[in-house]
Amino acid sequence: MLRSILKRATLSKPQTESIIPQLTYPQSKLYSSKNAKASLAKAKKTDAKSKSKSKSKSKTTDSSSAVASIAGEEFESAGADDFEAARARRLVEDEKDPSLDVRPNGRPLFTSTPSFSQLTRKDACSYMKFSEKGLKEVLPEGLPTGMVTEFKESMRPALLVRQSFLDLRDNFRRIVDPPMWSSHTKAPKARKQVVLDGPVSCGKSIALAMLVHWAREEGWLVLYAPRGREWTHGGFFYKNPETGLWDTPVQAENILKDFLKYNESRLQQLPCQICDPIPLGEGAGVGWMKGVESMALPEGTMLYDLVQMGIKYSHAAVGVLVRLRKELSLVKDVPVLIAIDQYNNWFTFSEYEEPVTVRSCRPIHARELAMVNAFRSMMHDDMMVGAFSHSTAVGKLRQDLPDVPVDARVNFSRYSLDEAAAVCHYYLRQRLVRREAFSEESWKKVYYLSNGNGAEMRWLVPLMR
């Protein structure tokens with residue numbers, strides 16, 4: 001009887017692919033399966049070494065209770081998975097009931113506006129639906145971690161339209177298409193360089209990704225780096241004796257590939273303005289190219305050919321990326337935007353070190369990297385946005401950053417009370433909380449407890465009782 005119970009407890013369920021996001025329950029399943037095997041071995045060993053009925057009976061009872069607890073854990077894990085699957089089925093059924101898509105004061109929860117360009121202030125505090133396929137096509141470099149987590153937990157690719165994002169979008173819209181302000185009206189100052197700063201989980205990275213999405217909808221040429229930290233971590237690094245800076249060819253090649261993913265057709269139409277040879281450096285793991293110091297760039301070369309050169313030849317990757325930065329400043333046919341997430345990683349030390357003595361090394365600052373040195377500065381007339389990311393644990397930086405205009409730093413706030421109301425009603429719509437437990441008093445408690453932190457609100461809402 002004991003062996004049959006143990007056998008049933010150690011049986012594993014067949015793995016099936018599912019669109020339902022998996023939470024932390026599979027880990028407890030893995031541990032419980034491992035414990036079941038240990039209990040089975042222990043039970044067999046106990047049966048072999050039993051000397052009396054009483055001892056055997058007591059040990060059998062202990063083993064049975066252990067297996068029972070294991071089975072309980074299995075049941076709880078399976079129940080949680082079944083709950084998520086049932087929630088997904090109910091959400092599909094809820095799509096047929098438009099009366100659920102309502103936020104406070106009876107206003108619609110989802111906006112009917114089809115694009116970022118057409119959003120107005122009336123759409124603030126409402127959600128905009130996307131298709132995951134469409135998002136990945138417009139943002140092939142990758143989605144921010146906060147956006148991916150939001151989609152996974154809510155089981156819907158939708159984002160809150162915030163007034164702070166609309167202000168950011170309108171700022172750059174005024175630069176490209178200045179409005180006809182009357183003489184007695186004071187026009188808001190448009191900033192070509194913006195640094196998004198603010199507390200943890202206030203939506204800086206998501207706002208930056210939405211801005212890039214809007215700019216590409218408008219036909220702009222955008223260089224988007226969603227993981228600025230990778231510019232200063234990983235790969236090979238070599239000191240270039242010609243420039244005195246450190247080359248990172250692996251990162252340069254990856255950035256050029258990302259830049260080409262969405263902008264390929266546009267780059268094929270833009271000619272290079274600078275025809276000087278591209279200086280070569282060390283290739284990734286292959287050293288210097290013998291007898292060759294530069295690579296010629298024929299007249300009439302398109303930006304597409306320039307980027308392809310850096311991808312094809314590792315020795316030219318860093319030189320091409322540095323040249324690309326200069327070329328972007330000379331493009332006049334279309335608006336150009338440089339968008340860098342995790343921008344604060346460029347104002348501290350990288351993970352690279354330079355040997356000084358046999359027993360000591362000197363940390364290399366991010367500004368000493370050729371790529372960062374070419375893109376970090378905002379002391380120019382180009383449109384550029386950088387977003388700080390506190391998830392990378394860089395630490396607090398001083399207010400006046402080097403190579404950044406004094407007025408470029410913009411504080412990005414957390415959710416307001418109106419935004420929090422829309423967020424909580426959206427989570428109610430997505431069945432993250434039971435309807436009988438949801439009330440105005442409850443969601444306000446969540447808001448004040450989290451201080452408007454989006455990630456904490458998403459975690460606290462299911463705990464409403």
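The values are calculated or read from the model by the stated rules, or taken from the named source; none is laboratory data. Given the structure is predicted, the values throughout are model-derived calculations rather than measurements. Backbone-built Cβ (ideal geometry, glycine too); neighbour counts: all protein chains shown. The area values use the complete protein model at the heavy-atom level, side chains included, leaving out ligands, DNA and RNA. Shrake-Rupley method; radii C 1.70, N 1.55, O 1.52, S 1.80 Å.
Data table
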| item | result |
| --- | --- |
| Val406 paired with Glu264, simple spin-label distance in nm, labels 7 Å along Cα-to-beta-carbon | 4.7 |
| Burial order of peptide ranges 171-179, 147-155 (average beta-carbon count within 10 Å, highest first) | 147-155, 171-179 |
| Residue-normalised accessible area of the stretch 349-414, given per residue in Å² at a 1.4 Å probe | 56 |
| Computed lengthening from Lys96 to Thr120, 0.36 nm per intervening residue step minus Cα-Cα distance | 5.9 nm |
| Computed label-point distance, nm, for sites Ile175 and Asn451 using a 7 Å Cα→Cβ extension | 3.2 |
| Protection-proxy order for peptides 98-110, 267-279, each taking the mean of Cβ atoms within 10 Å per residue, highest first | 267-279, 98-110 |
| Accessible-area composition of the stretch 305-441, carbon plus sulfur, in percent [1.4 Å probe] | 49 |
| Evaluated at q = 0.10 Å⁻¹: base-10 log I(q)/I(0), Debye formula over Cα of the stretch 220-349 | -0.31 |
| Shape of the stretch 233-277, Cα gyration tensor, a/c cut at 1.5 | oblate |
| Relative intensity, log₁₀ I(q)/I(0), of the stretch 342-465 from a Debye sum that treats every alpha carbon as a point, q = 0.16 Å⁻¹ | -0.84 |
| Carbon/sulfur fraction of accessible area - the stretch 152-252, other protein chains in place, 1.4 Å, % | 55 |
| Residues of the stretch 183-248: accessible area per residue with a 1.4 Å probe, Å² | 42 |
| Net charge contributed by nearby residues that have their C-beta within less than 11 Å of Asp197 (K/R +1, D/E -1) | +3 |
| Distance between the stretch 429-453 and the stretch 205-244 - C-alpha centres, whole angstrom | 37 |
| Leu397-Trp288 pseudo-label distance in nm [points 7 Å out on the Cα-to-Cβ vector] | 3.4 |
| Anchor Lys192: aspartates and glutamates whose Cα lies under 16 Å away (excluding residues fewer than 8 positions away in-chain) | Asp167, Asp170, Asp177, Asp381, Asp382, Asp403, Asp407 |
| Using a Förster distance of 41 Å, the FRET efficiency for Phe83-Lys257 (Cβ separation, nearest 0.05) | 0.50 |
| Where GluC sites (Glu not before Pro) fall in DSSP loop in the stretch 225-308, at most 13 other Cβ within 10 Å | Glu242, Glu293, Glu299 |
| Solvent-accessible surface (1.4 angstrom probe) belonging to Asp418, in square angstrom, nearest 10 | 110 |
| Heavy-atom SASA rank of Thr357, Thr111 (probe 1.4 Å, accessible area, largest first) | Thr357, Thr111 |
